Amino acid sequence: MSNIEDAPGLAPKIFRFSDVDEFRSSIRGLNVEFTPFVRRIAAEQVILRLPGCDVNVTRAFPRVVDAQLVADCTAVGFAMDDLEVPIRFNGAQRDRAVIVIGSNGAAYNTIEEVQRQIASIVFHPEVKDRGWPETQSSFKIFETSMPALLRLRKVVREVVAAAAGPIEAAEVPLKGAAMKESLFGAVDDVFANLVAARWTRRPNDGRQFRVFQDIRALLSEDLSQPIYSEEIARKLGLSVRTLHDVVRRYRGMSLHRYLRLRRLWLVRQRLLAGADSVKAVALAFGFWHLSDFSRSYRDQFGEAPSQTLDRGRGR
């Protein structure tokens, strides 16, 4: 979503989804595109809108996410759980206490291999005067102390719980402002307790992320056309090895595996929109071997393409 509204509220909104086709991001200030790894999900989004910031707690599902912040915002993100399978963020996969930050149009990529609970706080306008790390075109990732991260998680939970309770109308502006200040203080503490870690240098290298964004833009131009590594590398001025290394780093899989997964997801979206025929859509996205396509589609989504099309036409 690209519009930032100014009307605050203290009653959190809760969105639940059991169908990946129905999942939509309700986070203001963040444009999100995702490719799911699974068909069935149990996702939940809790959105709390305060004066000057939004608090978002999401129980997500296995997926690839590409997102970009809109202008004049600052967003911080962190996991609300501690699982053995870490999230891959901008090519880095760590299981330590981490926090990410982006401002004013910054972009990021994540790979979430298992269901995770993730929180983000989007401040608007952009935060410029609190000594937080500066970002440019991409989000940055940092390691912080575990006590500081635990305190931030606790503040988020307490703010959301308090906002869900009864609040008199006259108290809304005061409580909203006080909650925002508590969030500011917890984020200040996280950034005041950053840990010097060499592993953050690579994912925070804006040049590498820009190469990935160039590859992603080129691959998104026409997914129905054959993809040849040599041609892509030539257009971008890269070696074929560098091309494959960058894609594997930011996608967690080979170039061709990701493109096949992406094509299947785009076919599904077209079928749900009520396409003319399964064959026409499959061919439009480069699937010439129709029996192989049908088998891959059923393996990925748990139903035949024709069943998806029937549901799309019935809407």
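The values are calculated or read from the model by the stated rules, or taken from the named source; none is laboratory data. In this text, all values refer to a predicted model and were calculated from it rather than measured experimentally. Heads up, the Cβs are rebuilt from the backbone with ideal geometry, glycines too, and the neighbour counts pull from every protein chain shown. What goes into the accessible areas is simple: the full protein's heavy atoms, side chains included, and nothing from ligands, DNA or RNA. Shrake-Rupley method; radii C 1.70, N 1.55, O 1.52, S 1.80 Å.
Annotations
- Only residues that are farther than 28 Å from F301 by Cα, open to solvent by 10 Å² or more (accessible area, probe 1.4 Å) and at pLDDT 95 or above were counted across the stretch 48-71, and they come to 0.
- The set of residues in the stretch 133-145 being surrounded by fewer than 20 Cβ atoms within 10 Å (Cβ to Cβ) and in a loop (DSSP other than H, G, I, E, B) consists of P133, E134, Q136, S137, S145.
- Pairs where the first residue, in the stretch 178-194, is over 14 Å from L10 (Cβ atoms) and the second is part of a helix (DSSP H, G or I) and open to solvent by less than 30 Å² (accessible area, probe 1.4 Å), C-beta under 6 Å, 6+ apart: A186/L152; A186/V155; D189/A148; V190/A148; V190/L152; N193/A148
- Helices (runs of 4 or more DSSP H) contained in the stretch 221-284 and holding at least 1 residues touching a helix residue (DSSP H, G or I) at 6+ places or on another chain (Cβ under 8 Å) and within 21 Å of V65 (Cβ to Cβ): 240-251, 255-272
- On inspection, R295 fails the criterion of being among the charged types (D, E, K, R) and closer than 18 Å to V20 by Cβ.
- None of A186, A148, A177, A233 is open to solvent by less than 80 Å² (accessible area, probe 1.4 Å) and modelled with pLDDT under 90 except A233.
- Of note, F212 satisfies the criterion of being touching a Phe, Trp or Tyr at 6+ places or on another chain (Cβ under 8 Å), part of a helix (DSSP H, G or I), within 30 Å of R260 (Cβ to Cβ) and not small (G, A, S).
- A177 meets each of the listed conditions (1) farther than 24 Å from R88 by Cα; (2) within 27 Å of the chain's Cα centre (by Cα) apart from (2).
- Scanning the stretch 245-264 for residues that are in contact (Cβ under 8 Å) with a residue 12 or more places away in the chain and open to solvent by 60 Å² or more (accessible area, probe 1.4 Å) returns H256, R260.
- Each residue in the stretch 83-127 was checked for being in a loop (DSSP other than H, G, I, E, B), in contact (Cβ under 8 Å) with a residue 24 or more places away in the chain and either within 19 Å of R153 (Cβ to Cβ) or open to solvent by 10 Å² or more (accessible area, probe 1.4 Å) (or both), and 17 pass.
- When residues of the stretch 156-171 are limited to those that are open to solvent by 70 Å² or more (accessible area, probe 1.4 Å) and not in a helix (DSSP H, G or I), the one farthest from I14 (Cα to Cα): E168
- One residue from A196, A217 being within 22 Å of Q68 (Cα to Cα) and surrounded by fewer than 14 Cβ atoms within 10 Å (Cβ to Cβ): A217
- Hits in the stretch 54-71 - residues which are in contact with a Ser or Thr (Cβ under 9 Å, 6 or more places away or on another chain) and either at positive phi or in a strand (DSSP E or B) (or both): D54, V55, N56, V57, T58, R63, V64, V65, D66, A67, L69
- Exactly one residue out of G105, G91, G131 is among the small types (G, A, S) and closer than 15 Å to N31 by Cα, and it is G105.
- Residues satisfying the stated conditions in the stretch 7-46, i.e. in a strand (DSSP E or B) and among the hydroxyl-bearing types (S, T, Y): S18, T35
- Among residues of the stretch 150-166 that are touching a residue at least 12 places away in the same chain (Cβ under 8 Å), those with a beta-carbon under 7 Å from a residue that is β-branched (V, I, T) and assigned to a helix (DSSP H, G or I) at least six positions away or on a different chain give the pairs L152/V187; L152/V190.
- Tallying residues that are of a type outside the set (G, A, S), buried (at least 18 other Cβ atoms within 10 Å of the Cβ) and without any contact (Cβ under 8 Å) to a residue 60 or more places away in the chain within the stretch 268-304 yields 7.
- Every condition in (1) assigned to a helix (DSSP H, G or I); (2) at pLDDT below 90 holds for F293 except the one numbered (2).
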